Structures are given as structure tokens and as C-alpha cells.
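Beneath this line is the structure, given in C-alpha cells, with notes to follow.
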Amino acid sequence: MTIADRLNDKTLFQTQSFINGAWVKGEGAVAVTNPSNDEVIAEIGDVGAAGARAAVDAAAAAFETWKKVSPFERAKLLMKWHALILENADDLGQLITLEMGKVLREAKGEVLYGASFIEWSAEEAKRIYGETIATPFPGTRGWTTHAPIGVVGCITPWNFPNAMITRKCAPALAAGCTMVIKPAPETPLSALALAELAKRAGIPDGVFNVVCGDAQEIGPVLTGSDAVKMVGFTGSTAVGKLLMRQAADGVKRVALELGGNAPFIVMDDADIEAAADGVVASKFRVSGQTCVSANRIIVQASVADKLVEALEKRVSALKAGDGFDGSTDVGPLIHHTAVERVDALVRNARDSGARIITGGKPMVDELGGSFYAPTLIEGGSADMDVACFEIFGPVASIYRVEDEAEAIAMANDTPYGLAAYLYTRDVSRVHRMTEALDYGMVGVNAPMVGAASTPFGGVKESGIGREGGKWGVEEFTELKYVLLGGVD
Ligand code: NAP
């Protein structure tokens, strides 16, 4: 049965959670709606703290056998999961568009991006190497191993309902850990579909669990249970701090992928047309609802008019609409309150003296309550809300600076440090400025930075830890040192 068949007869989505290899019903019915038209597409029950505890118990029991499964066998199972995801990529993409609204080609791109972490991690499972170490003690040998950390509790957001799960689960499972995942209530279906495919791939019961329900009930189980050894979270900085505080009691490892306030710097020697294309790609992808979206476009004054002109042409041509419509460039926001939030930011910018070049209003009458017009604004004060907070909407905001020093000072003037972008053709400048930027990732003449092979993550209040590449797998292991005496 394909995911689309499941969707049609609703068998998958009348159930709520996936615990120990079984579909488990919860209490009540939380509606999952299509943001494009507000239609209810599924109703999901809440398994609450009891369900979370059952999932943790199942994951703890499964860990005892999964950690002993050979990495070659774990890799094979992950590759089967990967193959099934690719086979069902069209359905999984549609599911993403249905539950969170992003345009279908972006949704399919997310499925492939998400799957690439499974493929990479499967390959990496066989290459989790320890080291031998010279010791100062005669007759001894020392070495290290990377042991799987254990049960991982994982809480994910709605903006990448598929990839934010695979980016954590694939390396965790490859390392020999087991998982309990609480997806965002807006987008549980992608998580449940991944669970269905994991089961079909033969991933043993209890290794991959999905619990849907109230975060206030489930969160404390994941952060408080002795059986959970690590909490992986992607979401807002405010919730990340809260989870870190909760996890501190058990001295649990945390991996936090949090919010951003990405500067997109365009210097006077940049290719301005390429920079304008880069701004549009970074800013308007997923309607601006990504943690690495360009949040502040910082341009050297001598080329600012040229950039503004190039952007005005592009942004005013963007078409907002339903994600299933092939001509749509920018889909809806996740819900009506997100539109109200973005509109409040733009009104605050206008009040602070910013000029609205194009857009600047909700599209309730034209398209419905979840749509906001692709917007370009310029000027205003450096401390207005749109400059200080994550916009998380299709609003590009431009700031003029005189030189490199001013660009760096403005870029770093934020508690966040996830992604930054720099457009320049001067190689010395690339070195000087990338070194000066307090960010975990810098895209130089490149508007997108993430890939399965590279380290994704932030500094400052944007998080702790890295996802992707060998670093992503290491996050889910404990380094163990062994000293053997009496050898010589
Ligand atoms: P959010 O409000 O922090 O929610 C994220 C997840 O945390 C949801 O599953 C949410 O469930 C859960 N949650 C909220 N309060 C909780 C609590 N007290 N205990 C346990 N879980 C709790 O973030 P969002 O609005 O969904 O996502 C947007 C944010 O994610 C942005 O700031 C964005 O930058 C960030 N993000 C970061 C990355 C990255 O890699 N750095 C990637 C994507 C997104 P409920 O909704 O049920 O409360």
C-alpha cells in the first residue's frame, strides 16, 4: 500500500503514534490542517506522558539488542529504509505539502535531502573508528572506542517535517542508538510515514518510535527519564533553553539546532545579479520559514541601489499560492498566527522608518489567512524588530553599510550564530570576513549550505552540536578509553 493509498483510506492517520513497532491510539483528536486552505486532513490523538514512557521503555529494551547488531547489518537496514523512501518520494513530498504547505518541488527536495542523511549514515556506520594511543605507563596499551550513547529523545519542528527527523535518526541508528521522536503537532504525518517505511525496511520494533501529543507532557518524560541518555532538539531558542535546563538534572547530553538571524552580506566587488538570485533562494525558500533564511541583507552602500533594483524585479515577480500549483513560487505560512506575527514585524519596521518596496501585507482576500505577500523593505533602524528577531516569513529587509568593518559589526550584533552568507569575489576578503563572522556556517557566493556530508549547526544561542557528516554520527556516541596493563 502506498502512502497515497494510506492517505485516501486514512488508515495510517486514524492512528496516532508508533510505539514498539505498533500503531497506538491516543486520547482525543488534534486536527492536522492544510495551511493552504485550512482543510482538516487528519486527526491525531495524544498518547501523553504514559505513551512517552512506553516508547522510552521500548527504546531502552531495543537498545540492548540494536547496539549489538553489526554495523554492517545496521547499514543494510538503513539502506533498505533509504530505498523505500526514494520509492515513495512522490507520496512523501505530497504529504509534506499537505501538512505544512511548502511548494511541491521544495517538498520533494526535502525528501531527497532527508534521505541523503540515511544513505550517508549507513555508509558511515561501518567507519566509526576508535584510535590507539601511546601511554606513559610501561607495559600498557591504550585505545578508544565510540560506543552508542543509548536511547535518544528527539523533538522536531514543522518546517522540515521529514528531514529534521532523518538528520537525527539516521546517524543515531547508524551509531547503534534507539529513538523516541516527538514531531510537531502541525506535521505528524511525515513522521508517521517514516515510521511505516522503517518498519517495512525491517528496522526492529522499538528502535524507532514516534509519539504524538502534548509537548508539556511528553517533553519532561524525554528530558527526565533515566533511560534517555541524550536529548536532540530542533526548534526555537526559547524552547531549546527550556529543554537544556530540564536535561541538566540528569546531566544528559543535548544536541540543539535552534533559531537564527542570518546576515546576507553583499560587498562592492560581488556579482550583484548572482547575489540577488542568492537572496531570493535563501530568503523565499519555504516562504522564509527556515532557520538559515537570510534575515538581514547587509549591502555595501556603493552597490546598494543596484542590488535593490535587482531584488525589486525578482521579488515583485514571485507568485504566492497553493504549494500543489506548479506555478507557485511562495507557499503559505504554517498558520494564520504566523501571518499575524510577520505582519506585526513589517508594521513595526514601517513605524521605524523602513520603506516598503513591494508586498508588505497579508493576502487574506486573495488567497486565504495563511498567505503573506513576498515583501522587500529597506531602511529603518538597526534595532527594529525585523532586524533583531527571526522573521520566519517571506520578508527581505535591506540595510546599507559603508565598509567591511561595519558589515561584520552589524552581522555579529545578534545573540544568534547559525548561518551567514557573503557575496564577494575578493579571495582575501573571503578569508578575512569568514574568520570574523561568529557563525557555525558561512555560504560564500552560495545561498544554501546544508548537505549530508557537511557539519550543520550554530554557535552562540543558535545551538550546540552538529548534524551531518562524521560529526553528526559522533554526536550519538560516547568516547570510551581503555587502558590495558601487564602487556609486556
Ligand atoms: P518550537 O516552537 O520551538 O517547536 C519545536 C518543537 O518543540 C515542536 O515539536 C514543539 O511541540 C516542541 N515544544 C515546544 N515547547 C515544548 C516544551 N515545553 N517541551 C517539549 N517540547 C516542546 O519551534 P517551531 O516554531 O516549531 O520551529 C521554528 C523554529 O525552529 C525556528 O526558530 C527555527 O529557526 C528553528 N529551526 C532550527 C533549525 C536548525 O537546524 N537550527 C532547523 C529548523 C528549524 P508543540 O508545538 O506541541 O509545543
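Please treat every number below as a calculation from the coordinates, not as lab data. Keep in mind the model is a prediction, meaning the values are calculated, not measured. FYI the Cβ positions are ideal-geometry reconstructions off the backbone, even for glycines, and counts take in every protein chain you see.
When you count, for each residue, the other Cβ atoms within 10 Å and take the mean per peptide, how do 394-402, 242-250 rank with the highest first?
394-402, 242-250
If you wrap a convex hull around the alpha carbons of the stretch 212-345, what volume per residue comes out, as a whole number of Å³?
Residue-normalised Cα hull volume stands at 164 Å³.
Suppose every K and R has +1 on its Cβ and every D and E has -1 on its Cβ; what is the size of the dipole of the stretch 262-451 about the Cα centre, in Debye to the nearest 20?
That gives the stretch 262-451 a dipole magnitude of about 280 debye.
Just to be sure I understand the model, the point goes 7 Å from the Cα along the line to the Cβ. What's the resulting Ala317 to Ser236 distance in nm?
3.6
Compute the semi-axes of the equivalent ellipsoid of the stretch 153-294, taking the square root of 5 times each eigenvalue of the Cα gyration tensor, and list them largest first in whole Å.
Output for the stretch 153-294: semi-axes of 32, 19, 13 Å.
Explain nothing, just the number: dipole magnitude of the chain about its Cα centre with +1 on each Lys and Arg Cβ and -1 on each Asp and Glu Cβ, in debye rounded to the nearest 20.
1320
Apply 1/(1 + (r/R0)^6) to the Cβ-Cβ distance of Glu309 and Leu86, taking R0 = 51 Å, and write down the FRET efficiency to the nearest 0.05.
For R0 = 51 Å, the calculated efficiency reads 0.75.
Let me know the Rg and Dmax you get for the stretch 414-472 when you use only its Cα atoms, in Å.
Rg, Dmax (Cα atoms, Å): 11.8, 32.
Can you list residues from other chains, or at least 5 along the same chain, whose modelled amide H is less than 5 Å from the amide H of Ser462?
Amide H neighbours of Ser462, under 5 Å, 5+ apart: Gly417.
In deg cm²/dmol and to the nearest 500, what is the mean residue ellipticity at 222 nm of the chain if only DSSP H runs of at least 4 residues count, each as -39500 (n - 2.57), divided by the residue total?
Value at 222 nm, helices only, nearest 500: -13000 deg cm²/dmol.
Sticking with the crude label model, points 7 Å out along Cα→Cβ, report the distance from Ile133 to Ile41 in nm, one decimal please.
Going by the 7 Å Cα→Cβ label model, 5.0 nm.
Would you please calculate the Kirkwood hydrodynamic radius of the stretch 262-451 over all C-alpha pairs and express it in Å, rounded to one decimal?
16.4
Where the centroid of each part is defined by its Cα atoms, how far is the stretch 141-167 from the stretch 295-360 in Å?
The stretch 141-167 and the stretch 295-360 have Cα centres separated by 35 Å.
Which FRET efficiency, nearest 0.05, do Asp413 and Ser453 yield, Cβ-Cβ r, R0 25 Å?
Between Asp413 and Ser453 the formula returns 0.20.
What angle do you read, to the nearest 10 degrees and between 0 and 90, between the alpha-carbon axis of helix 336-351 and the longest principal axis of the chain?
Result, in degrees: 40.
Using a Förster radius of 45 Å, what is the FRET efficiency between Ser381 and Lys470 based on their Cβ-Cβ separation? Nearest 0.05, please.
Given R0 = 45 Å and the Cβ-Cβ separation, E is 0.55.
Within the P(r) computed for the chain, what percentage of the Cα pairs occupies the region above 28 Å?
When every Cα pair of the chain is considered, 53 percent fall beyond 28 Å.
Using modelled backbone amide H atoms (1.01 Å from N, in-plane), which distant-in-sequence or interchain residues come within less than 5 Å of Val32's amide H?
Residues meeting the amide H criterion: Ile41, Ala42, Glu43, Ile44.
Would you mind checking which residues have amide H under 5 Å from Ile298's amide H? H placed 1.01 Å from N; only 5 or more apart, or other chain.
Amide H neighbours of Ile298: Phe264, Ile265, Val266, Tyr399.
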